[in-house]
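Peer 1: This structure is in structure tokens; I'll ask about it shortly.
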Amino acid sequence: MRKSQGLIITALVTVVVIAVAVFLVKKPVSQSDTAFLEKYGLSGLSIEEIVQKLDSTTSDLSGLRASITSDYLILSDDSGEVRLALPKDKFYLSFAPYISQTHPCGTHSLTSCQGELVNQEIHAVITDKGGNEIVNSDLTTMANGFVGVWLPRKIDGTVSVSYNGKVAQAPISTYAGSNTCLTTALQLN
């Protein structure tokens, strides 16, 4: 009887510890971070959902600036800054193929980067250095002319894009310190 009670108590403690860990991982660290996210309608969203929401629109969010590095989603305005750690196993790459005009970029701005091909269907193939396909899809560029994809961390690979019979290809990497914005190397020929 004591042995089964000990197992039940251990199981309950384990469940509580896991629940608290999940809660802490999903919640911002401080009340000020929560207030900042609430101010822009981002409270309660996962990192992936926040990135998708901000990267897929060009509407003005009243002074909100957002950029994404290899490790953080950085949100700021005139009142402060919030840094949200990206998932340990995921890397966000935003790329904008173009025909005649682009801008050099290394760190993607979710709120100000603008690509040439807006709302256009492209075909993208992303492979790792071993030739394994990570992405092979028809994708539509967003209102900002970019396509954003979540990739595994710690890979080297290639992104190939085709659009209206034109093709571009560029190397990529998804390590700490790698670029999250890919533009100039993707001129379609």
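The values are calculated or read from the model by the stated rules, or taken from the named source; none is laboratory data. All figures in this text were calculated on a predicted structure; none of them were measured in a lab. Because the Cβ atoms are built from the backbone with ideal geometry, glycine has one as well, and the counts that use them run over all protein chains shown. When the accessible area is computed, the model is the full protein with side chains, heavy atoms only, and any ligands, DNA or RNA have been set aside. Shrake-Rupley method; radii C 1.70, N 1.55, O 1.52, S 1.80 Å.
Peer 1: Stokes-Einstein at 25 °C, 0.890 mPa s, Kirkwood radius from Cα pairs: D for segment 66-123 in µm² s⁻¹? Can you show the working numbers first?
Peer 2: On the way: Rh = 13.2 Å.
For these conditions, the coefficient is 186 µm²/s.
Peer 1: State in Å² the accessible area per residue of segment 102-177; use a 1.4 Å probe, count heavy atoms of protein chains only, and round to the nearest integer.
Peer 2: Working: 3650 Å² over 76 residues.
It amounts to 48 Å² per residue over segment 102-177.
Peer 1: With labels modelled as points extended 7 Å from the Cα through the Cβ direction, what inter-label distance (nm, one decimal) is found for residue 85 paired with residue 99?
Peer 2: Taking the two extended label points, one gets 4.5 nm.
Peer 1: Suppose the Debye formula is applied to equal point scatterers at every Cα of segment 69-189; what is log10 I(q)/I(0) at q = 0.12 Å⁻¹?
Peer 2: Listed by q, the Debye log ratios stand at -0.42.
Peer 1: Go through 152, 79, 113 and say which Cα lies farthest out towards the positive end of the charge dipole of segment 23-177; charges sit on Cβ, +1 for Lys and Arg, -1 for Asp and Glu.
Peer 2: So the residue we want is 152.
Peer 1: Students sometimes get this wrong: rank 71, 138 by accessible area, probe 1.4 Å, all chains present, largest first.
Peer 2: Numbers: 71 60, 138 100 Å².
Descending accessible area places them as 138, 71.
Peer 1: Which length gain, in nm to one decimal place, applies between residue 114 and residue 58 when the Cα-Cα distance is subtracted from 0.36 nm times their residue separation?
Peer 2: Going from the current span to full extension adds 19.3 nm.
Peer 1: Please give every one of the aspartates and glutamates within straight-line cross-link reach of residue 88, meaning a C-alpha to C-alpha distance under 18 Å, and leave out same-chain neighbours fewer than 8 residues apart.
Peer 2: Within the straight-line limit of under 18 Å, residue 88 reaches these aspartates and glutamates: 48, 49, 71, 156.
Peer 1: Starting from the Cα-Cα distance between residue 156 and residue 175, subtract it from 0.36 nm times their residue separation and give me the gain in nm to one decimal. Walk me through the numbers on the way to the answer.
Peer 2: Values: separation 19, 0.36 × 19 = 6.84 nm, distance 0.84 nm.
6.0 nm is the gain from fully extending residue 156 to residue 175.
Peer 1: Got a sec? What order do 40, 72 fall in by accessible area at 1.4 Å, biggest, i.e. largest, first? Display every interim value, and only then the final one.
Peer 2: On the way: 40 25, 72 90 Å².
So, going from the largest accessible area down, we get 72, 40.
Peer 1: Something else now. Can you sort 105, 181 by solvent-accessible area, 1.4 Å probe, largest first?
Peer 2: Working: 105 30, 181 5 Å².
Putting 105, 181 in descending order of accessible area: 105, 181.
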